[in-house]
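The values are calculated or read from the model by the stated rules, or taken from the named source; none is laboratory data. Quick caveat: nothing in here was measured; it's all calculated off a predicted structure. For neighbour counting, all protein chains shown are included, and Cβ atoms are generated from backbone atoms with ideal geometry for every residue, glycine included. Side chains included, ligands, DNA and RNA excluded: accessible areas come from the protein's heavy atoms. Shrake-Rupley method; radii C 1.70, N 1.55, O 1.52, S 1.80 Å.
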Amino acid sequence: MASPEHPGSPGWKGPITQCTARTQQEAQAAGPDLPHPGPDRHLDMHSGLSSNSSMTTRELQQYWQNEKCRWKHVKLLFEIASARIEERKVSKFVVYQIIVIQTGSFDNNKAVLERRYSDFAKLQKALLKTFREEIEDVEFPRKHLTGNFAEEMICERRRALQEYLGLLYAIRCVRRSREFLDFLTRQELREAFGCLRAGQYPRALELLLRVLPLQEKLTAHCPAAAVPALCAVLLCHRDLDRPAEAFAAGERALQRLQAREGHRYYAPLLDAMVRLAYTLGKDFVSLQERLEESQLRRPTPRGITLKELTVREYLH
């Protein structure tokens, strides 16, 4: 058992951190890890558990049975509620307001985002590269040479784009694709992580809390996909001197990692949670033990902090 000494005492060894470097084989075994692209273009729940796990066959079967029950498919409804014309010095375009809500129950975390027609066009182009056959019956509203800013044309296109999103979401491989997820979340996440890197924690937190519920709904089949954003929330709260809120975000992130010790966030997150637990007077010993056990099973040459890892997200 780990020594109960606290940080700063002679017996304190300090939380052990883990390097993020992984071989390509390990990365594939651990499954796709958003937002970094990989050979697997889709987010699949069954890629969530590392092949290096020490679970027995029965334990693995029970694990996946619990996962299937817990991470059920979330049905979403897309509504383009309004549109407005935006004029810049050298350009003029239409901005569409998209509302995403979960069907079947009251959703107090509906997502509201704005996208231009050019964003939809980029999504269509990206999807055609991978899912040409799957979306051959999905009609994409074309741009006209004239009349694009007429009220009647905007209303017609708004309805067409709303139907377009609904049809895409109905196709399983498309709604699980990186292209579809990036269209709905990447703009806000890039801005949020940019604010985090700049030390603008209140603005970063505002953006993260707005987009995170949508990201979690879209990736219910792949829980670890939301871990970077949850860790960013942890960092914002911690640097704003809100350790309790930071710890709560970290618990959500650990819950989504489950038994994935090979995940690049696993050890840095545990390291941060040990420190937060000690600050809050919580049980940090058990977290420290998990960290030490993980390091013994997967030794690494050097460590990296959670912040060093997280600020690298969405750089491109």
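Taking every C-alpha pair closer than 8 Å and separated by at least 6 residues, the mean separation divided by the residue count of the range 203-316 gives a relative contact order of 22 percent.
Applying the criteria of a DSSP loop state and at most 12 other Cβ atoms within 10 Å to the GluC sites (Glu not before Pro) of the range 118-149 yields E133, E136, E139. Exposure check, 1.4 Å probe, all protein chains in place: D241 carries approximately 130 Å² of accessible surface.
Amide H contacts under 5 Å for E114: I98, restricted to partners 5 or more places along the chain or on a different chain, H placed in the peptide plane at 1.01 Å from N. The slack in the chain from V74 to R203, taken as 0.36 nm per residue of separation less the alpha-carbon distance, amounts to 43.6 nm. Working from label points 7 Å from Cα in the Cα-to-Cβ sense, the D241 to L128 distance is 5.5 nm. Using a/c under 1.5 as the rounded threshold, could you call the range 157-238 rounded, prolate or oblate? The axes a ≥ b ≥ c are square roots of the C-alpha gyration tensor eigenvalues, and prolate needs a/b larger than b/c, oblate otherwise. Because a/c hits 1.5 or more and a/b exceeds b/c, the range 157-238 counts as prolate. Extension gain for D137-D107 works out to 7.7 nm (0.36 nm per residue, less the C-alpha to C-alpha distance).
Legend: calculated FRET efficiency, Q255 to H144, from the Cβ-Cβ distance at R0 = 51 Å, rounded to 0.05, equals 0.55. Computed across the range 76-165, the Kirkwood radius stands at 14.5 Å (inverse of mean 1/r, all Cα pairs).
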